[in-house]
Amino acid sequence: MSESFGLLLSYPGQVIKRYLAREKFTRIFAVFILLLIILFIGVSIYVTTIEGLNFISRDIELRDALYFYIAQLFYLLVFVLSFGNSILVIAASFARKSHQWIMATPSFSIMAFVNLFQLLASSLWIFLAVIIPVLMGIAQFMGVDGLQLFLSFVLTTALIIVGSICGVLAYMLSVYLLRYLSTLIGRNIVSQSLAIILLVISSVLMIALFWRIAIPQDFVKFFDGNYIVQMQTMKEQLIYLPTFGIAQVLHDLLFCSNIFGTTYTIIFTGLTLGLLITVYVLLDKSYLVMWQLLQEGNYIAGQDNKRINTYKSYNFPAINAVHNIIDKELLLIWRDKKNLLWFVIVIGLWLAQTAVSWRVTANANNYGDGYVFPDFVYALILAIGLYFISALALRFVFPTFSAERKVAWILGVAPISPWNIAVGKLLIYTGIFLFLGSPILIANFVILGFGFFPALLYWIVFSLSVILIVLLALYLSVAHPNRFSSDPETLSTTLPGLAFTSLALGGTIIIANIMYLVLSNVDLVVLLVLLITTLNLLLTSLTYNVSKKFEYAGEIIA
Amino acid sequence: MIEIKGVSKKFKDKTIIHNLDLSIKKGEFYALIGPNGAGKSTLIKLLSGLLQPTKGEILLDGVNILENPKEAKALIGYIPDEPTVWDGMTGFEFMNFVGALYNIPANEREKDIKKLLKIYNITGTEHQLYQDYSRGVRQKYSILAALLHNPSILLIDEPIVGLDPISIDITKNILDEFVREGGTVLMVTHTLFVAQELATRIGLFEKGKIKIEGTYKELVDKAHLTAKTSLDDVYKNYLAK
């Protein structure tokens, strides 16, 4: 067992060594560029945080209460995202057939460690990349010292770990619940799909409950009175949130320079470590049983399959190759419950943000003749929309050519070119993202009372940016197909995956900033539209060129 | 007809196929045998258009696969060594999708699929998900999918892995009939008895080159072995040299 741990721990080092073994200079340069992009994103988030706080600080009556409220919402969001990510990663780990050979060895329990490690690593790096600049921005604005900033990092890391662990526990609980129900009804109903459906329902209910608690019916009453009254009202309502206590510690650390924050951070970190060890022991003990339960399925070897459910098969009525690729993508998205869970989580969060806009506006309008929101709010709405589209593109578009590695023999030998396949994927994913995203974006603008003409400009820029994001993901997918993994979670952490994340987020920040400036200078929008259109044409041409040289198979090592 | 003219394939700086020339006539069944790592699967992937040659040209019934890939691919039926399909598709959807890629009209496809399923007696499995199929059923679907568009050339990488003895006999009959009707077959295999029974010509492939080729009888004679020797012994005899 210790041998396997040794091998496992040396793996990341070997990956880096292998990566730098060839074309060392080019690869170091690529990593350097990537780090620069990440730095740019970090700086943008940092500046935006300071600007936002600066805006809030102008309202002397509300600002202190708002700081507390922001800390509460911020940690609630971090918890929900860690929880959701954790469910997706742990569910995927039980679906991997490639782990079968490890599970057949006496070292099978190492997979509990591997999965827990992978889960925490995938949650931590992306969140910390965004969260660190936010915390640094707050610390800079509030003028707190380095120790408190460090403790806020520790606290946030601990929260992400707790959120992830809760996701693992929820997944384990749903599997064991299905197992218990199976014994009650005398038929095995344990499956990945059912476990995920159960979690989707619970997650939607949980988010609805949190939303009900976190977003007050009447903001004016919520922030009525002096600071003491405001805090009292908020605490009475927000105390039911699972992150209430820890968010209060963050508030103490960064906004109040309160010494109690330090003590509580140490206690919370200790509790988190204890919880992490407990969950590892639990997972270690039950991993094999869960694996066995979730690997069981129907087994069709001939005609005698009367007990097994049949599906209404789709008959691909079109003859056009691109049309068939579109139909195939839609069918597979629909049949994969994990895909649907992704859409539910991302669109659900976007709708929750829209509902917040609606609640805030309706509330403001009750007290005046139409509240006018500052310009940056509209640019922020655009940035949020493009962020969600980037998250969907990272999950669905970027891995698309790598994910078809094992089925490449079907598409690769058929009389259809890789370019036709890429066009099919471009059309379907752009279509889905625009179909889902446009109504939500427009709803936000209508709710916030944005004028028709600027809203139209924003929508045009949004649509062109969606095409840009999908094209970028598609180009990287064709140019850098991964021959070793078809797992979207693993692929998103490869160098091309990180490049996509960085470029998509960096682009989103630039576009949103330009659109903010557009409100005071309309000529800029023409330039921006031209720029995005040019980039779209360039990426189309690049994708066409790489698709001509695309090979469906790699070197066969025998 | 398959014509391979001076084909080489390199992966980075490693050459897998060395300046290969090979011609397989219409109605011929050519079996390529050889040790692991010889380059057999790479060759079949080059012929099926899954890989591009570094040098040389490949003509399928006179059509250059590099210049006219769509036209050339329409002539091929490919049976892979690993019959992996999207887990979320039913067998019927998979066959239908493949048929649609080859421009077979939907109504014709349905009739053809029903007819093909009867060959292996797997009617009744077609509306269930691929993820639930056994290895054998998956292999049967991949063989049937390769036949759906009536190809003139079959490229086969290990045809009988996972099949039970009765299904192996059915597969041999399918291939035999295909060749008798004028089809061309190139099969890569380690299952030497199938090559011995079906192939009209056998090539021993090693380090990206054909070491020796001929009919089974010619190979036995060249090795100076007795007439009753199996291809297995012939193979070992040549490799020992």
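The values are calculated or read from the model by the stated rules, or taken from the named source; none is laboratory data. Bear in mind the structure is a predicted one, so any value in this text is a computation, not a measurement. Every residue, glycine among them, receives a Cβ derived from its backbone with ideal geometry; neighbour counts consider all protein chains shown.
Side notes on the structure shown:
- Condition met for residue A:324 (in contact (Cβ under 8 Å) with a residue 60 or more places away in the chain, buried (at least 16 other Cβ atoms within 10 Å of the Cβ) and facing another protein chain (nearest Cβ under 9 Å)): yes
- Verdict on residue A:313 being modelled with pLDDT of 85 or more and in a loop (DSSP other than H, G, I, E, B): yes
- Residues considered: A:155, A:177, A:128, A:124. Of these, the only one that is without any contact (Cβ under 8 Å) to a residue 40 or more places away in the chain and over 30 Å from residue A:10 (Cβ atoms) is A:177.
- Qualifying positions in the stretch B:151-169 - in a loop (DSSP other than H, G, I, E, B) and within 11 Å of chain A (Cβ to nearest Cβ): B:151, B:162, B:164
- Considering residues of the stretch A:329-354 that are buried (at least 19 other Cβ atoms within 10 Å of the Cβ) and without any contact (Cβ under 8 Å) to a residue 40 or more places away in the chain only, the residue nearest to the other protein chains (Cβ to nearest Cβ): A:335
- Restricting attention to the stretch B:207-225 and to residues that are among the charged types (D, E, K, R) and closer than 27 Å to residue B:6 by Cα, the residue that is surrounded by the most Cβ atoms within 10 Å (Cβ to Cβ) turns out to be B:213.
- Among the candidates A:398, A:388, A:376, residue that is more than 9 Å from chain B (Cβ to nearest Cβ) and farther than 30 Å from residue A:215 by Cβ: A:398
- Subset tally (residues that are outside any helix (DSSP H, G or I), surrounded by 18 or more Cβ atoms within 10 Å (Cβ to Cβ) and within 8 Å of chain A (Cβ to nearest Cβ)) for the stretch B:39-63: 4
- Residue B:126 being touching a helix residue (DSSP H, G or I) at 6+ places or on another chain (Cβ under 7 Å), facing chain A (nearest Cβ under 8 Å), on the phi < 0 side of the Ramachandran plot and among the acidic types (Asp, Glu): yes
- Those residues of the stretch B:64-91 which are within 20 Å of the chain's Cα centre (by Cα), among the β-branched types (Val, Ile, Thr) and within 7 Å of chain A (Cβ to nearest Cβ), in sequence order: B:76, B:84, B:85
- The single residue among B:11, B:92 that is touching an Asp or Glu at 6+ places or on another chain (Cβ under 9 Å), among the aromatic types (Phe, Trp, Tyr) and over 18 Å from residue A:551 (Cα atoms) turns out to be B:92.
- Residue in the stretch B:195-202 that is acidic (Asp, Glu) and more than 16 Å from the chain's Cα centre (by Cα) present: no
- Options B:82, B:71, B:93: the member that is more than 17 Å from residue A:415 (Cβ to Cβ) and assigned to a helix (DSSP H, G or I): B:93
- The set of residues in the stretch A:517-558 being among the aromatic types (Phe, Trp, Tyr), modelled with pLDDT of 80 or more and in a loop (DSSP other than H, G, I, E, B) consists of A:550 alone.
Here is a yes/no grid of residues against (1) at pLDDT 90 or above; (2) not hydrophobic (A, V, I, L, M, F, W, C):
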residue: B:51; (1), (2): no, no
residue: B:59; (1), (2): yes, no
residue: B:66; (1), (2): no, no
residue: B:69; (1), (2): no, yes
residue: B:72; (1), (2): yes, no
residue: B:78; (1), (2): yes, yes
residue: B:88; (1), (2): no, yes
residue: B:91; (1), (2): yes, yes
residue: B:100; (1), (2): yes, no
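- With respect to the conditions (1) surrounded by 19 or more Cβ atoms within 10 Å (Cβ to Cβ); (2) assigned to a helix (DSSP H, G or I), residue A:364 falls short on a single one, namely (1).
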